[in-house]
Amino acid sequence: MDNLCEALKKLKLASADSSSDSVEGGLDCVLKALAHNNAEASEKIQEMGVLPLLPTLLAPQSSCTPKVANIIAEVAKNEFMRSPCVEAGLIPPLVQLLNSKDQEVLLQTGRALGNICYDSHSLQAQLINMGVIPTLVKLLGIHSQNTALTEMCLIAFGNLAELESSKEQFASTNIAEELVKLFRKQVEREKKEMIFEVLAPLAENDVIKLQLVEAGLVECLLDVVAQTVDGEREEDISELKTASDLMVLLLLGDESMQKLFEGGKGSVFQRVLSWVPSHNHQLQLAGALAIANFARNDGNCIHMVDTGIVQKLLDLLDRHVDEGNVTVQHAALSALRNLAIPVVNKSKMLAAGVSDVVLKFLKSEMPPVQFKLLGTLRMLIDTQADAADQLGTNQKLVERLVEWCEAKDHAGVMGESNRLLSALIRHSKSKDVVRTVIQCSGVKHLVTMATSEHMIMQNEALVALGLIAALNLGMAEKDFVSASLVQVLHKLLSDERSAPEIKYNSMILICAVMGSEPLHKEVQGLAFLDVVSKLRSHENKTVAHQASLTEQRLTVQS
């Protein structure tokens, strides 16, 4: 430690008169001390006020520069030294050195900046604002043969890519091209992993997604999948997962997805389809998620259903009914739900037996699977009266829906259950479906749904309740009373924030329940006439007209 103190004193004197020989000797001594006991030596450097002298020693042409940058890199390994490094003004001269042609200077400078800014988003953002990203991308291209420099760039990219503010800068460089070029050359697994760690955060940006697809990343990923699919080692399984996950991520961008779909004739699309029947769970998952992503526009959905993809997904689901893989179930149901959105696909998918296979998962206790199951059935029965009738009279299904309508811990499942319950009534318009819903105690949930904060759900509930009142008021009467339906309708009509459709359907429902004596009494007990009279001057003509009709009905029956 005495030697270090001596060296630091000499360093202070030498830096003042720029005596390079003394500086070199002092720097060597400091590096030796840091190698022996980094924390203790760093403290001494801080104590003796040497850090503020270092910016003057970071001259681009100086032979001392690599050693000075190395000292900063070593010192900044200690968390307690990072703020002092920033306060000593070391960041700007280090950033300047990234333009050096000396590979050792570049390496030590990159290490120094990386260590100073480690785990600090604000300092990393400062580097981004100082324009280090285009400089580092350029360095990666120039020095791709230098393993140490390449790794330094990759570590820097991995840290910076986590910040949202970096994505735009990365997108304006040829990072995609450089990373794919580098990936193709890699034989070592560790280096591939480093590149993957940079690709994953970058691929979250839609512009970069497309650049990566155009640079040929997909072909690289498909090669990795082919090489690792039968591997049993942990690293093979890990690499397969990373490559297939990244593939799915690239498909989340609309442009990149369409480029790979190529009208359903793309070789990439065909390769991904072959993953679905695979015996590997990870590939089954990635294949199903890829189909769900390709199914994000009607044209793609129609093409896929016409080319038999539904059967592949049904076979996959059948393999996972008992003791199944939840993520695969969720992904396959997501794909089916998306495919069922275009009207022309619904009858084809119903004819293929989709609803029968989906119903096998009613026993699932996993909320993500329940949520997708409900969404798939709701999409399938939209405008399909026969299917809605068939499902709406399936007591097991309706009982499960009523149960899930109370799943307060899982708002998504609760919302979808309510919506499907309402949809079964609205699309079937069937007395049998209404009877099944009443018998299974579903009415109270539809009344609660009418108070939802989402207008679309309120409206769906009111239309379903209107059909229940029209088709079987006598049987629903008790449920309407116990669920305080009349009070709910009064509140909806009185609330100025209620949308015109809500007011309109609430008045239709008021007229429909007047045929029940107990409900009629409840209507009379609340000042409905006052509320409805005000709506006669509503700016929406349909609402105003219905208000006049409702007022007449209330007046006649009062």
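The values are calculated or read from the model by the stated rules, or taken from the named source; none is laboratory data. Here the structure is a predicted model, which means the values were calculated and not measured. Cβ sites come from the backbone with ideal geometry, for glycine too, and all protein chains shown count toward neighbours. Ligands, DNA and RNA are stripped out before the accessible areas are found, and what is left, the full protein with its side chains, is counted by its heavy atoms. Shrake-Rupley method; radii C 1.70, N 1.55, O 1.52, S 1.80 Å.
Pairs linking a residue in the stretch 403-416 that is closer than 15 Å to His454 by Cβ and in contact (Cβ under 8 Å) with a residue 24 or more places away in the chain to a residue that is open to solvent by 90 Å² or more (accessible area, probe 1.4 Å) and assigned to a loop (DSSP other than H, G, I, E, B), with Cβ atoms under 9 Å and 6 or more positions apart or on different chains, are Gly415/His454. The criterion of being among the hydroxyl-bearing types (Ser, Thr, Tyr), at pLDDT 80 or above and either open to solvent by 60 Å² or more (accessible area, probe 1.4 Å) or in a helix (DSSP H, G or I) (or both) does not hold for Ser15. Of the residues making up the stretch 173-182, those that are under 26 Å from the mean Cα position of the chain (by Cα) and crowded, with 19+ Cβ neighbours inside 10 Å number 5.
Checked against the criterion of being modelled with pLDDT of 95 or more and under 28 Å from Val369 (Cα atoms), the candidates Ser430, Ser417, Ser452 yield just one match: Ser417.
Please work out if Gly299 is open to solvent by less than 80 Å² (accessible area, probe 1.4 Å), free of Cβ contacts under 8 Å to residues at least 12 places away in the same chain and assigned to a helix (DSSP H, G or I).
On the way: open to solvent by less than 80 Å² (accessible area, probe 1.4 Å): yes; free of Cβ contacts under 8 Å to residues at least 12 places away in the same chain: yes; assigned to a helix (DSSP H, G or I): yes.
In short, yes.
Count of the stretch 194-206 residues, restricted to those that are open to solvent by 80 Å² or more (accessible area, probe 1.4 Å) and assigned to a helix (DSSP H, G or I), is 2.
His410 meets each of the listed conditions (1) touching a helix residue (DSSP H, G or I) at 6+ places or on another chain (Cβ under 6 Å); (2) surrounded by fewer than 18 Cβ atoms within 10 Å (Cβ to Cβ); (3) closer than 15 Å to Leu359 by Cβ apart from (3). Put simply, of Leu98, Leu53 the only residue that is in contact (Cβ under 8 Å) with a residue 40 or more places away in the chain and within 17 Å of Leu4 (Cβ to Cβ) is Leu53. Selection of the stretch 302-317 for residues being open to solvent by 70 Å² or more (accessible area, probe 1.4 Å) and within 28 Å of Lys363 (Cβ to Cβ) yields Gln311, Lys312, Asp315. For first residues located in the stretch 214-243 and more than 18 Å from Phe261 (Cα to Cα) and β-branched (Val, Ile, Thr), partners that are open to solvent by 10 Å² or more (accessible area, probe 1.4 Å) and outside any helix (DSSP H, G or I) and lie 6+ apart or on another chain with Cβ distances below 7 Å form the pairs Val229/Asn280; Ile237/Gly231. Only one of the numbered conditions (1) over 24 Å from the mean Cα position of the chain (by Cα); (2) modelled with pLDDT of 95 or more; (3) within 22 Å of Ala290 (Cβ to Cβ); (4) of a type outside the set (S, T, N, Q) is not met by Leu373, and that is (1). The residues of the stretch 467-487 that are within 20 Å of Ile425 (Cα to Cα), open to solvent by 20 Å² or more (accessible area, probe 1.4 Å) and within 40 Å of the chain's Cα centre (by Cα), listed by number, are Leu467, Ala483.
Being part of a helix (DSSP H, G or I) and at pLDDT below 85 is the filter; apply it to the stretch 43-53 and report the residue that is surrounded by the most Cβ atoms within 10 Å (Cβ to Cβ). Only one residue tops the list, namely Ile45.
Scanning the stretch 19-38 for residues that are exposed (fewer than 13 other Cβ atoms within 10 Å of the Cβ) and either in a loop (DSSP other than H, G, I, E, B) or modelled with pLDDT of 70 or more (or both) gives Asp28, Ala35, His36.
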